[in-house]
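Peer 1: First the structure, which I've put down as structure tokens, then a few questions once you've had a look.
The values are calculated or read from the model by the stated rules, or taken from the named source; none is laboratory data. This one's a predicted model, so the numbers in the text were calculated from it and none came from an experiment. Neighbour counts run over all protein chains shown; Cβ positions are idealised from the backbone, glycine included. When the accessible area is computed, the model is the full protein with side chains, heavy atoms only, and any ligands, DNA or RNA have been set aside. Shrake-Rupley method; radii C 1.70, N 1.55, O 1.52, S 1.80 Å.
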Amino acid sequence: VVLRPGSGSRQQDPQGGADGLALASDPVGTLNFLAMVENLQGDSGRGYYLEILIGTPPQALNILVDTGSSNFAVAGVPDPDVTSYFNTELSSTYKSQGIDVTVKYSQGSWTGVLGTDVITIPKGIDGSYTINIATILESENFFLPGVKWHGILGLAYDALAKPSSSVETFFDSLVRQAKIPNIFSLQMCGAGLPVSGSGTNGGSLVLGGIEPSLYKGDIWYTPVKEEWYYQVEILKLEVGGQNLELDCREYNADKAIVDSGTTLLRLPQKVFSAVVQAIARTSLIQEFSSGFWTGSQLACWDKTERPWSLFPKLSIYLRDENSSRSFRISILPQHYIQPILGIGENLQCYRFGISSSTNALVIGATVMEGFYVIFDRAQRRVGFAVSPCAEVDGSPVSEIEGPFTTADVASNCVSSVSFHEPVLWIASYALMSLCGIILLVLIILLLIPPRCQHRYTDNDVVNDESSLVRHRWK
């Protein structure tokens, strides 16, 4: 595999520091970014988690870090697949809000009750803070055997919070109470390591800024198109340096998001098919089972072999903050040809770390493990820099290059009209129209203006692709 050194101009942060390093100077005195280094554990197959202390006296729980949802929820009762849970009766500071909340995933769900309690983060920011917390009382296929986390930390925007966006999110509460900058950054170190392995791969969640030791080279920023998920704009994909030549809107159908809670790189069906065809055409393998590409079969080689040299590099082009420019993030096969533990005695088996999606392109752990990712909410942008831990056998397996011109792509690859929950919108307008008709008829017949009130309620279902439940290898 030939590695090309990254090149490109340094992105200057409007706050005055190169790459946003000005944020490392914190006047409040609550931040010590070095103390947050290596505060995560886990792997791409079962997620990366952070230890959080909840309640008084504190109860220690491992919480899955998920940038694709917005609720902070923990197991509230014993569960056969959970080693610990938050016992509200043992906390003198817990206050129930008496509000039921249900979050449903495509394969899995949980139901619980909203409340508040104090939390501290041992390897995070100093101090204790009062946070909205959902205690999970019932779940189905959410906690799975072997997981070492006991809850989920949703770090997306409040638009995705359930049962409504009025529920202040975990990170918004920290920003307000601790007065930290509205930015966090994430490094997950699992490139080339077995998925669902020991679960002790390192990682870092830096709350309130950017830690320089967690990246090398320049940070490249792409705008957040809409503040619900971290929705970005993808301009094109290349396999082995060859453009897929698809309409750029195909890459953003119906959204493209950056989501640490998804294990794989998920592609819209048309894009997925094109990528599989390009990889199969470019790889040095003449015959390959279709089951490998669909995730139903593993591919195995002798343990002395390294199959990564047989596969091409994959590049994703993102629009730069300067809309006339783009940059590309690239991953080598060590990211998407992923080893699986415990299959054969003399064989090492691998899974395909890319899958198809019906409603989104999701930059999940398969890609994120190559980069230090900055979620700059204050300036509505997501940044990418090469991660030093994205190395296999001493060689880097991720790259960032740019700038490139965007003259060859459309000025906007994202639909200007997006309905987060289109079925609800259609139903809502239909009911409102029906209500209006009934009101008109009653006025005419009774000559009395009765009240006809339609209440629009936020749906409890999270119809997103952020759940590790759907994509966990099992």
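Peer 1: Condition first: over 25 Å from Ala256 (Cβ atoms) and either in a strand (DSSP E or B) or open to solvent by less than 10 Å² (accessible area, probe 1.4 Å) (or both). Now tell me which residues in segment 37-46 satisfy that. I'd like the intermediate steps shown before the answer.
Peer 2: Of the residues in segment 37-46, the ones over 25 Å from Ala256 (Cβ atoms) are 37-39, 41.
If the condition is that a residue be over 25 Å from Ala256 (Cβ atoms) and either in a strand (DSSP E or B) or open to solvent by less than 10 Å² (accessible area, probe 1.4 Å) (or both), then Gln41 is the only one that fits.
Peer 1: Restricting attention to segment 160-171, does a residue exist that is of a type in the set (Gly, Ala, Ser), assigned to a loop (DSSP other than H, G, I, E, B) and touching a Pro at 6+ places or on another chain (Cβ under 9 Å)? Break it down into steps so the answer makes sense when it comes.
Peer 2: From segment 160-171, those of a type in the set (Gly, Ala, Ser) are 161, 164-166; that's our starting set.
With the extra rule that they be assigned to a loop (DSSP other than H, G, I, E, B), the set shrinks to 161, 164-166.
From the residues that got through so far, the ones that are touching a Pro at 6+ places or on another chain (Cβ under 9 Å) too are none.
The answer is no; no qualifying residue exists.
Peer 1: Do the conditions hold for Asp302, that is, is it at pLDDT below 90 and within 30 Å of Phe375 (Cβ to Cβ)? Reasoning before the result, please.
Peer 2: On the way: at pLDDT below 90: yes; within 30 Å of Phe375 (Cβ to Cβ): no.
When the stated conditions are applied, Asp302 does not pass them.
Peer 1: Let me ask something else about it. Please enumerate the residues belonging to segment 126-135 that are closer than 11 Å to Ile54 by Cβ and in a loop (DSSP other than H, G, I, E, B).
Peer 2: Matches in segment 126-135: Ser128 only.
Peer 1: Report, by residue number, each residue of segment 154-199 that is within 16 Å of the chain's Cα centre (by Cα) and among the polar types (S, T, N, Q). First the steps, then the outcome.
Peer 2: Step one: of segment 154-199, the residues within 16 Å of the chain's Cα centre (by Cα) are 154-161, 169-171, 183-190.
Thr169, Ser185, Gln187 - these are the residues of segment 154-199 that are within 16 Å of the chain's Cα centre (by Cα) and among the polar types (S, T, N, Q).
Peer 1: Identify all residues within segment 291-309 that are open to solvent by 60 Å² or more (accessible area, probe 1.4 Å) and closer than 21 Å to Glu238 by Cα; write none if there are none.
Peer 2: Within segment 291-309, Thr294, Ser309 qualify.
Peer 1: Another question about this same structure. Under 7 Å between Cβ atoms, which residue pairs at least 6 apart in sequence (or on different chains) link something in segment 330-359 that is outside the structural domain of Val271 (by the TED database) with a partner that is surrounded by fewer than 20 Cβ atoms within 10 Å (Cβ to Cβ) and assigned to a loop (DSSP other than H, G, I, E, B)?
Peer 2: none
Peer 1: Given the conditions (1) open to solvent by less than 10 Å² (accessible area, probe 1.4 Å); (2) modelled with pLDDT under 95, and given that Arg381 satisfies all but one, which numbered condition is not satisfied?
Peer 2: Evaluating Arg381 over (1) open to solvent by less than 10 Å² (accessible area, probe 1.4 Å); (2) modelled with pLDDT under 95 leaves (2) as the failure.
Peer 1: Across segment 100-125, what is the total count of residues that are assigned to a strand (DSSP E or B), open to solvent by 40 Å² or more (accessible area, probe 1.4 Å) and modelled with pLDDT under 95?
Peer 2: 1
Peer 1: Sticking with this one: Test Gly192 against the criterion of being touching a strand residue (DSSP E or B) at 6+ places or on another chain (Cβ under 8 Å), surrounded by fewer than 23 Cβ atoms within 10 Å (Cβ to Cβ) and in contact (Cβ under 8 Å) with a residue 40 or more places away in the chain, and give yes or no.
Peer 2: Values: touching a strand residue (DSSP E or B) at 6+ places or on another chain (Cβ under 8 Å): yes; surrounded by fewer than 23 Cβ atoms within 10 Å (Cβ to Cβ): yes; in contact (Cβ under 8 Å) with a residue 40 or more places away in the chain: yes.
So Gly192 passes the test.
Peer 1: Here is a list: Gly199, Gly261, Gly291, Gly208. Which entry is on the phi > 0 side of the Ramachandran plot and at pLDDT below 95? Break it down stepwise before answering.
Peer 2: Values: Gly261 fails: on the phi > 0 side of the Ramachandran plot; Gly291 fails: on the phi > 0 side of the Ramachandran plot; Gly208 fails: at pLDDT below 95.
Exactly one of Gly199, Gly261, Gly291, Gly208 is on the phi > 0 side of the Ramachandran plot and at pLDDT below 95, namely Gly199.
Peer 1: Looking only at strands (runs of 3 or more DSSP E) that fall completely inside segment 307-417, which ones have 2 or more residues that are within 25 Å of Phe184 (Cβ to Cβ)? Walk me through how you get there before you give the answer.
Peer 2: Working: elements: 314-319, 325-331, 337-340, 347-352, 354-357, 361-363, 371-376, 381-386, 398-405.
Because the criterion is at least 2 residues that are within 25 Å of Phe184 (Cβ to Cβ), the strands (runs of 3 or more DSSP E) in segment 307-417 that meet it are 314-319, 325-331, 361-363, 371-376, 381-386, 398-405.
Peer 1: Follow-up. Which is at pLDDT below 95 and hydrophobic (A, V, I, L, M, F, W, C), of Phe33, Phe86? Don't jump to the end; show me each part of the working.
Peer 2: Values: Phe86 fails: at pLDDT below 95.
The conditions single out Phe33.
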